[in-house]
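Here the structure comes first, spelled out in structure tokens, and everything after it is commentary.
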Amino acid sequence: MKFGLMIDTHVDKWKLIQHAEELGFHRAWIPDSQMIWADCYVTMGLAAVNTKRILIGTGMTTPGTRIAPVTAHSIGSINQLAPGRVFLGIATGHTSMRLIGQPPISPSELREYVGVLRKLLDGEAVDYTYRGRTAEIQFMHRDRYYVNLDNRIPIYIAANGPKALAATGELGDGWMLAGRTEKETTEGIAQIRSAAAKIGRTLPADFLAACSSSACVLRRGEKLTDDRVVNQTGSMVTTNLHLNYEVWELSGRKDELILPHFANIWDDYVKRVANYSLPPESRFRQIHDGHATFLQEGERRFVTPEAIKASCLVGEPDEIVEQVRGLERAGLTEISLLPPADYQSDVLRDFAELVMPHFKED
């Protein structure tokens, strides 16, 4: 098992990535969500020139906000700064699309996008369609190294539904899982392998199977209701709550989609959203306030022990070690931590000192 971090993209967070490298973290995922954080490529560039070992890439970018040739050129430019340490994570665009009032992109758009990117990043020509017009495109001036395509850039896909999982098996170099249960891991990997087999593809030996989570290493006698624990896990819990609410709302309010660990607070949360000051069509701005960054004080009551255990790696060191080993047995190869912005150093330090030494990296 390897360990990474995911950050709240900010021009100063290269320092956190540098610190994470010193702590022994393997990878840094830099999100591309234009309405809540800074530009990911600025942060990646600064991280690239201030680190030596840690892998750097998007976590995640989306076809909905950057056309494929631009994404390929941007990540290829970062690859010139950190040759062989760069990857590209792609998703359908949860916050990057919802926070401009649009739905996430479709699995078919995702598949087409990845296909174009793979060809471009491999230095090949590819048919590219933009605004209804198709033309064959290819990077020029390769001998001048404006972009680095010599060091292969792996493409990792965030996927949960069957169509996106199929695209991952057919085109991806790895998978990012939104959940983190052993069942979700096992079933997702099986679907990815099945899709790959259908087209005669064998997944590479280094195929990435990763998840994002947060963590809190408990001190002896500490409870899940203690302030320190809620502070370190709250933004992850409420980020999952916000997503669950939007999925539920878009489904026509199908209650079977409510996650079990939110059942006891669901009605209270729905009332909170109903009382937001913005009209329904604009409430996404209030729903996602603090997204993966900080815990709104008004949402603290939703961070229950059940929700913490379902959303985060939490427990005393030996308990977290066993949780990680269970995920490893299920097929997961990497866990990346997304701590709240105000507690990142504490979370990363505790995890690096008390959990990571139990796992040997190959």
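The values are calculated or read from the model by the stated rules, or taken from the named source; none is laboratory data. Only a predicted model underlies this, so the values are computations on that prediction, with no experimental measurement involved. Counting neighbours? That spans all protein chains shown, and the Cβs are built from the backbone with ideal geometry, glycine included.
Consider residue 164 carefully, then state whether it is touching a Phe, Trp or Tyr at 6+ places or on another chain (Cβ under 7 Å), assigned by TED's automatic domain parsing to the domain that holds residue 207, of a type in the set (A, V, I, L, M, F, W, C) and over 15 Å from residue 87 (Cβ atoms). Here the answer is no, as residue 164 does not meet what is asked.
Residue under question is residue 135, and the condition is that it be in the same structural domain as residue 324 (by TED's automatic domain parsing), of a type in the set (Gly, Ala, Ser) and closer than 20 Å to residue 73 by Cα; does it hold? Quick ask: steps written out before the conclusion?
Details: in the same structural domain as residue 324 (by TED's automatic domain parsing): yes; of a type in the set (Gly, Ala, Ser): yes; closer than 20 Å to residue 73 by Cα: yes.
In short, yes.
In the stretch 189-197 there is no residue that is modelled with pLDDT of 95 or more, buried (at least 21 other Cβ atoms within 10 Å of the Cβ) and closer than 26 Å to residue 348 by Cα. Of all the residues in the stretch 240-263, those that are loosely packed, with under 14 Cβ neighbours inside 10 Å and farther than 25 Å from residue 338 by Cα number 7.
Check 289, 267 and return the single one that is in the same structural domain as residue 246 (by TED's automatic domain parsing), under 19 Å from residue 95 (Cα atoms) and either of a type in the set (Asp, Glu) or modelled with pLDDT of 95 or more (or both).
On the way: 267 fails: under 19 Å from residue 95 (Cα atoms).
It is 289.
Within the stretch 297-317, take every residue that is surrounded by fewer than 16 Cβ atoms within 10 Å (Cβ to Cβ) and touching an Asp or Glu at 6+ places or on another chain (Cβ under 9 Å) and give me the one that is farthest from residue 327 (Cα to Cα). Ranking the qualifying residues of the stretch 297-317, first place goes to 301. Considering the stretch 271-294, the residues that are of a type in the set (Val, Ile, Thr) and touching a residue at least 40 places away in the same chain (Cβ under 8 Å) include one that is nearest to residue 339 (Cα to Cα), namely 293. The conditions are (1) surrounded by fewer than 20 Cβ atoms within 10 Å (Cβ to Cβ); (2) outside the structural domain of residue 101 (by TED's automatic domain parsing); (3) closer than 16 Å to residue 228 by Cα; (4) in contact with a Phe, Trp or Tyr (Cβ under 7 Å, 6 or more places away or on another chain), and residue 273 fails exactly one of them. Which is it? Every condition holds for residue 273 apart from (3).
Take residue 27 and tell me if it is under 15 Å from the mean Cα position of the chain (by Cα) and of a type in the set (Lys, Arg).
Yes: the conditions hold for residue 27.
Could you tell me how many of the residues in the stretch 167-184 are at pLDDT 95 or above and within 19 Å of residue 93 (Cβ to Cβ)? Of the residues in that region, 7 qualify. Check residue 127 against each of (1) touching a strand residue (DSSP E or B) at 6+ places or on another chain (Cβ under 6 Å); (2) assigned to a loop (DSSP other than H, G, I, E, B); (3) among the charged types (D, E, K, R) and name the one condition it does not meet. It is condition (2) that residue 127 fails. Hey, among the residues in the stretch 223-282 that are of a type in the set (A, V, I, L, M) and either assigned to a loop (DSSP other than H, G, I, E, B) or touching an Asp or Glu at 6+ places or on another chain (Cβ under 8 Å) (or both), which one's farthest from residue 344 (Cα to Cα)? This residue is 278.
Evaluate the following for residue 153: is it within 15 Å of the chain's Cα centre (by Cα), of a type outside the set (Ser, Thr, Tyr) and surrounded by 19 or more Cβ atoms within 10 Å (Cβ to Cβ)? For residue 153, the condition - within 15 Å of the chain's Cα centre (by Cα), of a type outside the set (Ser, Thr, Tyr) and surrounded by 19 or more Cβ atoms within 10 Å (Cβ to Cβ) - is not met. A search for C-beta distances below 8 Å between a residue of the stretch 113-126 that is within 13 Å of residue 140 (Cβ to Cβ) and any residue that is part of a helix (DSSP H, G or I), counting only pairs 6+ apart in sequence or on different chains, returns 120/68; 120/69; 120/72; 123/142; 125/119.
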